[in-house]
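Note sheet for the following structure.
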Amino acid sequence: TDALARVKQNMKGITGEEIEDVTAKAMLMAKTFDTDVNEVTRGVNNVMQNFGVTAEKAFDMFAAGGARGMNMSNEMFDNAAEYSVLFKTMGYSAEEYFGILERGSSQGIYSLDYLNDVTVEFQKRIKNGSKTTSDAMALLPKETQKVWEQFNKGDATVKDVISSVVGSLKTMDNQNEASQIAVSLFGTKFEELEADAVYAMLGTTEAMKGFEGATEQAAQGVEGTFKNRVVSAFREATMGIAELGNTTQGKELLDWIA
């Protein structure tokens, strides 16, 4: 009942028969990754709404990401709920956003907050027009400066700029100088994450791959028939509610579920 209430409260546009499947998946994710349904539904909903993907795709990306180490600090769903809108405005797709988090996680970083914060800080700095940002950009190759100029004219995205900047930084012969430039553009989080991690994360816009069907695979790994048992319990509950259909309370509850 609580899981159903969270789906209705936190997830937009989920109605009818889809509620049953989404509720089961939300409970499965909460059980698999030792979190609560509230966080799961908030994270999945925000990815759906901000990137325009289906519930099935959002669940699959979370399931695959968690299996690949993205939930190392038990904040995967909460971070996506908070930061997905910012990455969308920077020009990333859902698959590209999860690709960044997956690559960062593979570098042994212990907190998703760090992965998100370093990118968001970059966005703030290239938008503020400060002398520090301008001076740092002037030290990068002309190709990157050109992308930044296009961004200032509204012809390029933050994603375009960050990809070009990181590409230039990681190919510099003097990595001490590269780090100094990077701190001016990414802030102190760059030093805390270290260059290799940032280069791996943001040096490419490669999207997450091979995530399709990951939720079903997770269902098979958690007590085998966990999802089926949830669906069965859901149906039994709704049948019981239906028997109350002749009462005022029963009708109201049925209308709410629908």
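The values are calculated or read from the model by the stated rules, or taken from the named source; none is laboratory data. Keep in mind the model is a prediction, meaning the values are calculated, not measured. We place every Cβ from the backbone using ideal geometry, glycine too, and count neighbours over all the protein chains shown. What goes into the accessible areas is simple: the full protein's heavy atoms, side chains included, and nothing from ligands, DNA or RNA. Shrake-Rupley method; radii C 1.70, N 1.55, O 1.52, S 1.80 Å.
Structure summary
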read-out: Computed helical MRE - 222 nm, the chain, DSSP H runs ≥ 4 contributing -39500 (n - 2.57), nearest 500; value: -22500 deg cm²/dmol
read-out: Fluctuation leader among Gly91, Gly203, Gly154 - the chain, Gaussian network, Cα springs under 10 angstrom; value: Gly154
read-out: Highest-fluctuation residue, Gly66, Gly99, Gly108 considered, GNM on the chain with Cα pairs under 10 Å; value: Gly108
read-out: Three-way shape label, the range 1-121, alpha-carbon gyration tensor, a/c 1.5; value: prolate
read-out: Solvent-free Debye scattering, log10 I(q)/I(0), computed from the Cα coordinates of the range 97-202 at q = 0.18 Å⁻¹; value: -0.82
read-out: Principal axes of the range 154-222: Cα extent on each, largest first, Å; value: 50, 32, 21
read-out: Loop GluC sites (Glu not before Pro), the range 1-98, which have at most 15 other Cβ atoms in a 10 Å radius of their Cβ (DSSP); value: Glu17
read-out: Acute angle (nearest 10 degrees) that the helix 248-257 long axis makes with the longest principal axis of the chain, alpha-carbon atoms; value: 30 degrees
read-out: Extended-chain gain in nm, criterion 0.36 nm per residue less alpha-carbon gap, Asn128 and Ser111; value: 3.5 nm
read-out: Kirkwood-Stokes translational diffusion coefficient of the range 80-128, alpha-carbon pairs, 10 °C, 1.306 mPa s, µm²/s; value: 142 µm²/s
read-out: Exposed trypsin sites (Lys or Arg not before Pro) absent - longest run of the chain, DSSP non-H/G/I/E/B, at most 11 other C-beta within 10 Å; value: 13-152
read-out: Heavy-atom accessible surface of the chain: percent carbon and sulfur, 1.4 Å; value: 46 percent
read-out: Average projected area [Cα convex hull, the chain], square nanometres; value: 15.1 nm²
read-out: Solvent exposure, largest accessible area first (probe 1.4 Å, DNA, RNA and ligands not counted), of Ser84, Ser73; value: Ser73, Ser84
read-out: Average Cα contact separation per residue, the chain, under 8 Å, 6 or more apart, as relative contact order %; value: 22 percent
read-out: Heavy-atom surface of the chain, accessible at 1.4 Å and reported per residue (Å²); value: 48 Å²
